[in-house]
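Structure record follows, encoded as structure tokens.
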Amino acid sequence: MSLINQLNATTEYFWLNTEPVDIVNKASALLWKLMGNAIAKDNWEVKPHEVVDGGLMVKVPLEYNTSNRGGYGASTVIIQAKKNIIDAARFGWAGVYGSNTLNLDDQTQNTGDEAIISLTKQYMKSIIKAARIQMAEDVILAAVDSSRINGLGDLFQYANTALEYGSIAESVVTDWKANVIVDAEAISFEVMQKIFRAPNMGELDELLPNFCVTTPTLRDGYERSLHPQQRYTETKMVEAGWKNILHKGAPIVGDPYVTAGYLDALNLNFLELRSHKDYQFTKPVWANREVLGQPDTISANTRWRGNLYCSNRKMQVRHTNLTEPV
């Protein structure tokens, strides 16, 4: 081992602070909103009591058809044919985890007064944060395998109408469609009006998008397209630290996980993040690896299982190919 110099041997370091600054992980506005809705509705628990298609899944009942109807007069014969009107979307179990390990050196050296930053404490925080960061990525993307959340990438898959979402294909149930606008255009008030018309289910507030997520640049671009007197924000989100701009009462927020050029206008009355009651971010507990011959190596993890459940697919709208206004 080479010698260290005199100053390093005789002088202590000055610690600016003892709480490490996170320079890696990004904050997701969408995940914050979805988890907040789950808490507010007290709907974390999903019970795996339905057995369908050979495996345990969660059913979401859908009314996909209408009863017979028509004009009525003196000579009208009312149609008596039976029409099926109820089916169910089915979502499998998905999950995320966070984990980390401390070895013998960590435990013997990072102790006592010399342990300015407690590794066990910081690792515990990081494990929980890692699971939530994975969830923030997964709720935006399409599932890469059966263990992943069916995120917005699955919900808005439109190229193949025979590909199932929630175990139902658009080619089978035409109203179970992905609303995707692909026109190349600059974001503006007029474009947002077009997006809000896309569900075409009525003009009641509950039938219109109530939360829009996009890139920070497109959110800023929409704000620039408005006159100053048209610029309003959702105050509760601002108080929680999330910048936003309102369109017809729906906050538009920037999320670092959204693909460039995309805006998703969501109706959270029909889109819910729910968890299994026994896997709602399990508490990390340090356990040693004695059975593996490493009694002084300890590991901890947190696990979550559930999914992002949609009960009306065409209430959600994605616009791709958007740019900032000139």
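Failed condition for residue 214, given (1) more than 19 Å from the chain's Cα centre (by Cα); (2) hydroxyl-bearing (Ser, Thr, Tyr); (3) surrounded by 18 or more Cβ atoms within 10 Å (Cβ to Cβ), with all others met?
It fails just one condition, (1).
Does at least one position in region 178-197 carry a residue that is assigned to a helix (DSSP H, G or I), of a type in the set (Asp, Glu) and either buried (at least 19 other Cβ atoms within 10 Å of the Cβ) or free of Cβ contacts under 8 Å to residues at least 60 places away in the same chain (or both)? Full working, then the answer.
Quick first cut of region 178-197, residues assigned to a helix (DSSP H, G or I) only: 189-197.
Retained after the next criterion (residues that are of a type in the set (Asp, Glu)): 190.
Next, from what is left, pick out any that are either buried (at least 19 other Cβ atoms within 10 Å of the Cβ) or free of Cβ contacts under 8 Å to residues at least 60 places away in the same chain (or both): 190.
There is at least one residue in region 178-197 that is assigned to a helix (DSSP H, G or I), of a type in the set (Asp, Glu) and either buried (at least 19 other Cβ atoms within 10 Å of the Cβ) or free of Cβ contacts under 8 Å to residues at least 60 places away in the same chain (or both).
Restrict the check to region 196-209 and report whether at least one residue is touching an Asp or Glu at 6+ places or on another chain (Cβ under 8 Å) and not aromatic (Phe, Trp, Tyr).
Checking region 196-209: not a single residue is touching an Asp or Glu at 6+ places or on another chain (Cβ under 8 Å) and not aromatic (Phe, Trp, Tyr).
With the condition kept exactly as written, say whether any residue in region 220-240 is in a strand (DSSP E or B), buried (at least 19 other Cβ atoms within 10 Å of the Cβ) and either touching a residue at least 40 places away in the same chain (Cβ under 8 Å) or among the acidic types (Asp, Glu) (or both). Even if it seems obvious, please write down each step before you answer.
First, pick out the residues of region 220-240 that are in a strand (DSSP E or B): none.
No, region 220-240 has no match at all.
Residues to consider are 258, 285, 253, 326; find the one that is buried (at least 19 other Cβ atoms within 10 Å of the Cβ), out of contact with any Gly (no Cβ under 8 Å at 6 or more places or on another chain), part of a loop (DSSP other than H, G, I, E, B) and of a type in the set (A, V, I, L, M, F, W, C).
The match here is 258.
Which number in (1) on the phi < 0 side of the Ramachandran plot; (2) out of contact with any strand residue (DSSP E or B) (no Cβ under 8 Å at 6 or more places or on another chain) marks the one condition that residue 112 misses?
(1)
Looking at region 64-91, which of the residues that are under 30 Å from residue 150 (Cβ atoms) and basic (Lys, Arg) is modelled with the highest pLDDT? Give the steps one after another, and end with the answer.
Taking region 64-91 first, the residues under 30 Å from residue 150 (Cβ atoms) are 64-66, 83-91.
Restricting the remaining residues to those that are basic (Lys, Arg) gives 83, 90.
On the way: 83: 88, 90: 93.
The qualifying residue modelled with the highest pLDDT is 90.
The values are calculated or read from the model by the stated rules, or taken from the named source; none is laboratory data. Computed from a predicted model, the values in this text were never measured in an experiment. Every residue, glycine among them, receives a Cβ derived from its backbone with ideal geometry; neighbour counts consider all protein chains shown.
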